[in-house]
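Structure first, commentary second.
Rule-based calculations on the coordinates, nothing more; no lab input. None of the values given here were measured: they were computed from a predicted structure. As a convention, Cβ positions derive from the backbone with ideal geometry for all residues, glycine included, and neighbour counts pool all protein chains shown.
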Amino acid sequence: MRERGRFLRKAAPSLKPKDRERLVAAIMAGPPRALYREDLPEEDFRKIAERAIWRNLAKLRESGAELPQAALDRLVELEREHDRKLEPDHRDEFPIWLGEAEWGHPSGSFVERLRQITPEEAANLLATEKVARDDLIDAWRTLCEEKPPTLALSIMKAILAKKIYEPEIWRMAFSVFWGRPEAEWQPEVWRQLLATVPKFSDELCASINNTLSGWLSVLAKHLPMEEEREFWSVWDRLWSLSFQGAEDGFADRPLYAALNHPSGQLAEAALTRLFKRNLSKDDGLPKELETKFDTIAATEGVNGVMGRVILCSRLNNLYLIDRRWTTDKLLPKLEWSSAEALPLWHGYLWAPRCSPELLAAFKKSFLATMAHSREFGEQSSNLHRLFAAICIYADGILTHQEMRTTAHSLDADGLADVLALLSDLLRGAGEKALTLWNDRIRPWLQENWPFTKDKRNERTSISAAEMAINGKEAFPLIADWAMDFLVPSQHVAHIMYRLKETDLTERHPSHVLRLLSKLVPDDAAPWEYHGLKEILQKLSLALPEISSEATYRRLYALAQKSA
């Protein structure tokens, strides 16, 4: 625990961007459920996981490392929900804390020294101290974290007056202000910071452009409309220098690279200012913003593509606001004849939204993208789910042949994603799930679903079983539809957990038994059978003669053996 905390605080800022992205992704995923005892209540595990995610993200932010916006948003959310903050003495890094020691930490002595000298002397100290540099920068971070950061702002003025352009000093300051919870973004602070950036040298701006652009993207949420002039002046300058940003990871993970690149962060800032205007459908891009979006759309090179990746993450919004601009500037780059198609589709698939208007406009490239779905890695799931939603709800845009051909082109994992989306729709429909199944989902499945053996695997089986459970009143109908292509799965514990949450065992015992007989293998890990005996007992109470069936006896023997 201690070693992890120190690593996150000390070593994380020096990681390569790609390695830092992997670290953030692992933190955001939370601790594996398998590390905790099986009988731990889910609510207790959720609290443990959220605390671990908060602590590790907070340590990363404390280090001055640049966090993706999604990670920052999650961190702020957890802090707001639970009123959490890190202890300044890092006592949270120890399983047991026995009390305070009497000696002081070197950075603590620097904090006191910075408080006792003039801002001009503090500026000189920050510029010249080499021996205990790390401790001094820690102390500087502490001053920047104060509320309000009055002394830090005074020292920054002195640093600027002396034209001290040491990247480490300014990166730490803007990292701290960037990472503050949004409720603490005080106008008197960010106004001074906004006025500071134009005085930086180009060399300094280029060196810390990631930090400045990330800070500006959050400032975009707070800036009053009447103060945009200074904002756009800084935006223009940072964009002109964004070509010097690192391109690590772009080829493998273009979305994550864009989220952490100055061009992507500046595109995010431009989108935030656009949406602040609360425009309606077909209002068009405001003239004062259109030039900025033209710049993002026209800039060549990888830095331009990274900006467009972020624009495409809001493609539906942009299209509804200004169809002409989006059709001219972005949609052609989504066609697979364009070299930018793959990264831009990665951006779109971050959280895809598709109105009927947009679907009609890019249907050809969308269907072509479905044929490339294997190239999107983990984001292919979003593509498959979007296809399923379009098929169920977007009447008349995709033809019957287009839907059938595309569905049959998917492999088993892609079809599992489709079933997972249909399952979510049924769960969200509540009491109307039976109507949704009868009117939309069942007819589409009957006409378009491929039933060949190569299109089924454990994932399709689990997704189909969960879809049946989520169908509520439609459970026996969905189970009957799915029964012919279910295969045994080594991971059935979740299905049994879901069944125990419902009254399906009492209401439809025969269908539940048939479902489990198809799904439950003879050789799963012992914990996968957890809950099976309880379900079987409920089945026999609901329908006593069921206990004489061969399938029941097989499952009961497995339950007894695992116990």
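Annotations for the structure displayed:
- Every pair of different Cα atoms in the range 245-371 enters the Kirkwood calculation, which places the hydrodynamic radius at 14.5 Å.
- Cα centroid of the range 128-178 to Cα centroid of the range 197-231, whole Å: 17
- The range 308-351 gives an Rg/Rh value of 0.94, both radii derived from C-alpha positions and Rh following Kirkwood.
- A simple count of charges around residue 69, restricted to other residues whose Cβ falls under 11 Å of its Cβ and scoring Lys, Arg +1 and Asp, Glu -1, yields -1.
- Zone of residue 199's modelled label, taken as backbone nitrogen in the range 152-182 under 13 Å from a point 7 Å along Cα→Cβ: 153-165
- Distance from the alpha carbon centroid of the range 516-552 to that of the range 15-64 works out to 35 angstrom.
- Set of aspartates and glutamates with alpha-carbon distance to residue 47 below 20 Å, sequence-local pairs under 8 removed: 38, 39, 73, 77, 79, 81, 83, 87, 92, 93
- The lysines whose alpha-carbon is closer than 26 Å to the alpha-carbon of residue 157, local same-chain residues fewer than 8 away aside, are 130, 147, 199, 221.
- Euclidean distance between Cα centres, the range 413-485 to the range 268-283, Å: 38
- Among 354, 205, the order by Cβ neighbours within 10 angstrom, fewest to most, reads 354, 205.
- Cut-off 9 Å between beta-carbons: net charge of the residues surrounding residue 145, Lys and Arg +1, Asp and Glu -1: +1
- Taking Cβ atoms as reference points and 11 Å as the exclusive limit, the residues near residue 411 contribute a net charge of +1, counting Lys and Arg as +1 and Asp and Glu as -1.
- Straight-line cross-link reach from residue 16 at under 23 Å between alpha-carbon atoms covers these lysines, not counting any fewer than eight positions away in the same chain: 59.
- Computed over the range 137-192, the P(r) tail beyond 13 angstrom holds 59 percent of alpha carbon pairs.
- Percent of Cα pairs in the chain per distance bin of 20 Å, from zero to the largest separation: 18, 43, 30, 9, 0.
- Fraction of the pair-distance distribution of the range 404-554 above 23 Å, Cα-Cα pairs, percent: 34
- Projected over every direction and averaged, the convex hull enclosing the alpha-carbon atoms of the range 378-485 yields 6.2 nm².
- Taking every DSSP helix (H) stretch of at least 4 residues in the chain, weighting each as -39,500 (n - 2.57) and dividing the sum by the residue count yields a mean residue ellipticity at 222 nm of -19000 deg cm²/dmol.
- Scaling the Cα radius of gyration of the range 363-407 by the globular reference 2.2 N^0.38 Å produces a ratio of 1.10.
- The calculated P(r) of the range 488-563, using every Cα pair and 10 Å bins from 0, goes 21, 61, 18 in percent.
- Magnitude of the charge dipole, the chain, Cβ model with Lys/Arg +1 and Asp/Glu -1, debye to 20: 420
- R0 of 45 Å, Cβ-Cβ distance residue 124-residue 280: FRET efficiency to nearest 0.05: 0.25
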